[in-house]
Structures are given as structure tokens and as C-alpha cells.
Amino acid sequence: MSVYITDSNTMAFDQSGVARAITNLSTRLFYGKRVTAVVPADPAISDDEGSDEEDDDVADPDFIPLTHECPSDMSPSAKRKCVQTAVEELEDEDDNNEEEEDEDQPAPQAKGPTKKGKPASRLTTWKKVDLDNQALPVYQHVPPDFIETPYAFFSKYFSPRVIKHIAYQSNLYATQKDVNTTTEDEVRNFAAILLYMGISELPSIEDYWAMETRVPQVANIMSSKRIRLMRRLVHFNDNTQIPGTIDRFFKVWPLFNHLVTVFRSEPQTPKQSVDEVIVAYKGKTAGNLRQYIKSKPDKWGFKLFARASEDGFIHDLVLYQGKTTLQAHGVPMTSEQQAVGVTSQIVSVLASTMSSSTTTAIFADNFFTSLEIFNLKDKNCRYTGRARDTRIGKPPLKSIKDMEKKAVPRGVHDYVTSDDGILALRWKDNRVVSLLSTDMGVEPISSVYRYCSDTKRKEPVSCPAVIKSYNANMGGIDKSDMLVHLYRTPMKSKRWYMRMFAYAIDVSLTNAWIMYRRDIKALAVDDGLSLKNFQIQVFRSCSSQRPVMSRPRRSSSFPCAPSTSVDIPMPIRGHRSHTPV
């Protein structure tokens, strides 16, 4: 059936033509593009109340988003509909409704810096030549006149100024909550107790005062009731200033700001490494500040980006909090830095605080390395990093597929160098490794030993110089993590910032011990203290005030056990004396 319209310009459409015309109309002509935004968490996280928010996966390729669980008996098509990521998205409202906002809505969160378009990639010319850079100077630690006490090394970082600040903010919080205040000596004793608990860790904090498991070094300094109050009382910033801030680490930022400032002032070795640090935390009160990285020993926790020397000394820290990481801490960035990716921005910011960039090389893994890092011209430091195949451009190298063939032996490598001095290398070990560097070249070729399944023994494998340099200098952050985990301060608390406070104590102690070992090595002294003995000496000096004696508490697990072997403290006036068995 045909439809005719009689007009000055008569046109005829059949029924099928009308249907095709209506189908081809796009909804965007009427409604426009639909814009969504992920809502950031409020920095004013409660001390006691939990949060059901999950982690975000901003700039973290290792993050696995949580999904809703589906029954096992559902069909595959139904399961695909059921599986949804646990991220809340809000649609942009119309501009005309801005004046009708509800007054009960939370304060709007500041948006992250608008990412400018990436500059067009320039044409790179690759040649089969090797790098021939001058070797970096060898680090020489200046020997001191004498070896200071362990507490002097520790107080250089966790200084009396920090103790005074914590005491002031804790008293301010105590006044707001109408509870007993504290003193600087008590804050120092509290930190000393946490240090000793890292050496002598018990299942529960009450065990340090129980009659069967009493630890006099802890119980004689502070009562269990008082230390429980201190765990509630300790604060580092004024909670009344939280509204209006975008810093989600507002509660602990003054503490870390002081530590990072002191860490940067220490002598830096010519070879620095950049990597992630996870501060273990499994609680829910931190919201999506808590991150998940499956490749780390502590998979759940707070993510920090760190720069360290090859001996494990942490020089700089950036606390990750999503898109507002750099904006919240007021890090100045050039337009060139804003145009690159997030990981390149982190490396650039950490490199900008180095004391001498022209005589320093940075080593990083494939999470940070890409070809765009080498386009940052503001710092002339050298860089070496293991890279993913999608981030190295298109250099004329042997393909990974060809090098993974069994006919290709281990130790085979291929390399090219760009016109601006960037070495791209592929080397076959147990797996094929891609690497970018402006520090060292392929020569001289050395050997590493790998186990051979055919001969049942280790065989030498040729190894380029840049690979050997990367393996030797990349482990600074890992060494710091190892030292922190040896005698880590136990801090189980619903208040997420207490775990960050414990890490601040641990990293201050390990950095102090590393500087102590540098002085020992510079003076050629053989009988240096181990980390455990160093920590015990710091505890003794930090808790040298008049001890507070307390009566031992009877454990509920052994109510009738004899206590003849328990160290009975001196009685306190006003307390009932101990009754013998």
C-alpha cells in the first residue's frame, strides 16, 4: 500500500521506506551523549562506623573488581546478566537543576585534574647501535666522627617535634570528646610499647598484662586500661577541618609530610628504585582507600608509591588515593607532565625531589615504564625499566612469539636504539623480557646461571649488562618491605589511620637502622647491632621515664592456673596486695 502527499512538491513513500527512515534516526539527536561519573569517597571517614564501599581500580591494572555472586545453577546467559561490577555511577544532571539542589546532600568532591590530550607521537628512528654512556659515580658515605646511639638515629626521623604534634592533636581530640588528655611522655611511652610489641608479639593485646603471659617490659610502663584509651585518643590532625578538603589521607597527612621532608634531606645513592608499597589493612572503615594487588604478599591494604636507594632507605612517598592523589597533596605539575599517563606522572613527581638528577638513575618495573616517560625533559636523570610489549612503541625487534620457540636457546637477545638515546631490548630467560633504558647498554655481556632440565644442573646463560644492572638495583623497595615485616608493629584497629601510624613508626626505625649501618661500614666497625637489637635499644631509651606499675590481670583462659612463675610487680598504693596461692 502506498501513501501519497499532494503538495507543491509531491513526494511518495511506501510503507517500507517510512520504516527504514524511522529506524535510522539516532537517539543522540534528541538526548545527547550520556555522561557518567564515578563518585569519590568522602575524606571524612568515621572512626568507628564501617563502610560497605569497595575499592576502585583507578590506574591499577592488577585490580580485580568485585562482582555480585550468582547461583551456580543459573544458565550462562543469566549469569552474564547477573555479573555486575560493584562501582556506583551517577548520571550528570541537567544544568537547569543546579539551583534546586537538596541542602542535605554531602559536600561535592573536588574533581581530579582534567587530563589533556596526549601529544601526537613523533616518528622514531631505530638503529642497531649500543648505548655508550659514562658510568655513574660510586656512592661514598661520609664517615662520622663517632657512632651515635640507636635512639639518636630514630629520633632524627620520629623526632620530638612529631611527639609534640601528636600530643597536641590528641589533647585537642580528647577535649572534643570530653575524655582524659595525655602528655608528650605518655605518647613517647606509647610509641615505645608498640616497638617492643613488634619484637615480642602475642595473640592479643590483653596477653601482655595477663598473669600467665605477662610481659614486664610492657606492663610496667603503662596499664592495659590506659593503653586502650591511648589507641582511641591518638590523633594527628584536627577533625573539624575535614569538611571541604579533598585529601582522603587528611587524618595522617601531617605525620607523613614531616617524615617525607626529613627522608628527602638524607644523602641519596646514585641508583634509585620506584615501586609500590602495601600497608596491610583488611578493615572496612577505610572504604575504597583499601586497595587489592594480587602480586603482593599483603594483598589488601593502603597503596603507597615509594622511591628508595638500593640498600632499602625510603627517600620519598606518595600516598595513593585515586584520581586526586597528586592534587590533594598540592604537587605542582607542568603541562608536559599533565599530558602523560598516571604512572608516568608518579615517576616524574618522585624524580623531581631527588637532590641530584643528572647523576642518578631510576629503576622501575613494567607498571611504571612506558615510552612516554622518556619524553619528560624536565629532569635529566637516567631511567631503566622492564616494559610491557604494548608500551614500547614499535621497535624493529624479534617478536616475542618467535623468541618463545623451543628452538631459540636462553640468553638470546635483540636490541635497537632510538635517535634520542633510548635502548629497547628483548632478552630470553625463562620468559621473554622487554626493557627500555637510557642508562646502560648491552655490552659487556656477562653470564648468569639457570637450571637446565635436560642436564639436571645449572648452566651459564649470557646476560646483557643492562639486565644485570636492573636486577641488582631494582630491589630497594623490596628490601625495605622485608625489614619492616621482620618486626612489624602489631596494630589491629577499626581506625584505619592507626595502621598508617604503625607503618610510620616501622619505616622510621628501618631507615634509622640503615643509616646506622652506613656509618658502621664507613668507620669499618665490625660489631654492629642487628635490627632486633637496634630496636630493643631504641625501646629502652624511648621508655626511660618513670615506670607505671600495674597489677597483673588474671587470664580468662586459665582461671585456676598457678602463678608461682609470674614476675610479681611491686604493690601500688591504693591497690590490693597480691595474695599468694
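If we scan the range 235-244, do we find a residue that is open to solvent by less than 10 Å² (accessible area, probe 1.4 Å) and out of contact with any Pro (no Cβ under 7 Å at 6 or more places or on another chain)? Yes - at least one qualifying residue is present in the range 235-244. Taken together, the criteria place D439 among residues that are part of a loop (DSSP other than H, G, I, E, B) and either closer than 30 Å to T510 by Cβ or in contact with a strand residue (DSSP E or B) (Cβ under 6 Å, 6 or more places away or on another chain) (or both).
Comparison of F154, F158 shows that the only residue that is touching a helix residue (DSSP H, G or I) at 6+ places or on another chain (Cβ under 8 Å), under 20 Å from K521 (Cα atoms) and in contact (Cβ under 8 Å) with a residue 40 or more places away in the chain is F154.
Which residue is farthest from the chain's Cα centre (by Cα), if the candidates are limited to the range 378-405 and must be part of a loop (DSSP other than H, G, I, E, B) and of a type in the set (A, V, I, L, M)?
This residue is L397.
One residue stands out among those in the range 285-296 that are open to solvent by 20 Å² or more (accessible area, probe 1.4 Å) and of a type in the set (D, E, K, R): the one that is modelled with the highest pLDDT, which is K294. When M354, M333 are checked against the criterion of being open to solvent by 10 Å² or more (accessible area, probe 1.4 Å), within 25 Å of G475 (Cα to Cα) and modelled with pLDDT under 90, M354 stands alone in meeting it. Taken together, the residues in the range 443-470 that are buried (at least 18 other Cβ atoms within 10 Å of the Cβ) and either assigned to a strand (DSSP E or B) or without any contact (Cβ under 8 Å) to a residue 12 or more places away in the chain (or both) amount to 2. Counting only helices (runs of 4 or more DSSP H) that sit completely within the range 135-229, those holding 1 or more residues that are open to solvent by less than 20 Å² (accessible area, probe 1.4 Å) and of a type in the set (V, I, T) correspond to 160-177, 184-199, 216-219.
The condition of being open to solvent by less than 90 Å² (accessible area, probe 1.4 Å), modelled with pLDDT under 95, more than 26 Å from the chain's Cα centre (by Cα) and closer than 16 Å to V215 by Cβ holds for V548. Among the conditions (1) modelled with pLDDT of 85 or more; (2) open to solvent by 30 Å² or more (accessible area, probe 1.4 Å), R554 misses just one, which is (1). For the range 490-505, check the following and say yes or no: at least one residue is crowded, with 20+ Cβ neighbours inside 10 Å and part of a loop (DSSP other than H, G, I, E, B). Within the range 490-505, one or more residues are crowded, with 20+ Cβ neighbours inside 10 Å and part of a loop (DSSP other than H, G, I, E, B). Check K282, K271, K323, K299 and return the single one that is within 30 Å of Q140 (Cβ to Cβ), open to solvent by 10 Å² or more (accessible area, probe 1.4 Å) and touching a residue at least 12 places away in the same chain (Cβ under 8 Å). Checking each option against the conditions leaves just K271. Residues in the range 411-442 that are open to solvent by 20 Å² or more (accessible area, probe 1.4 Å) and not hydroxyl-bearing (S, T, Y): V412, H413, D419, D420, G421, K428, D429, N430, R431, V432, V433, M440.
The values are calculated or read from the model by the stated rules, or taken from the named source; none is laboratory data. Because the structure is predicted, anything quoted here is derived from the model rather than measured. A quick note on method: Cβ atoms are made from the backbone with ideal geometry, for glycine too, and the neighbour counts reach across all protein chains shown. When the accessible area is computed, the model is the full protein with side chains, heavy atoms only, and any ligands, DNA or RNA have been set aside. Shrake-Rupley method; radii C 1.70, N 1.55, O 1.52, S 1.80 Å.
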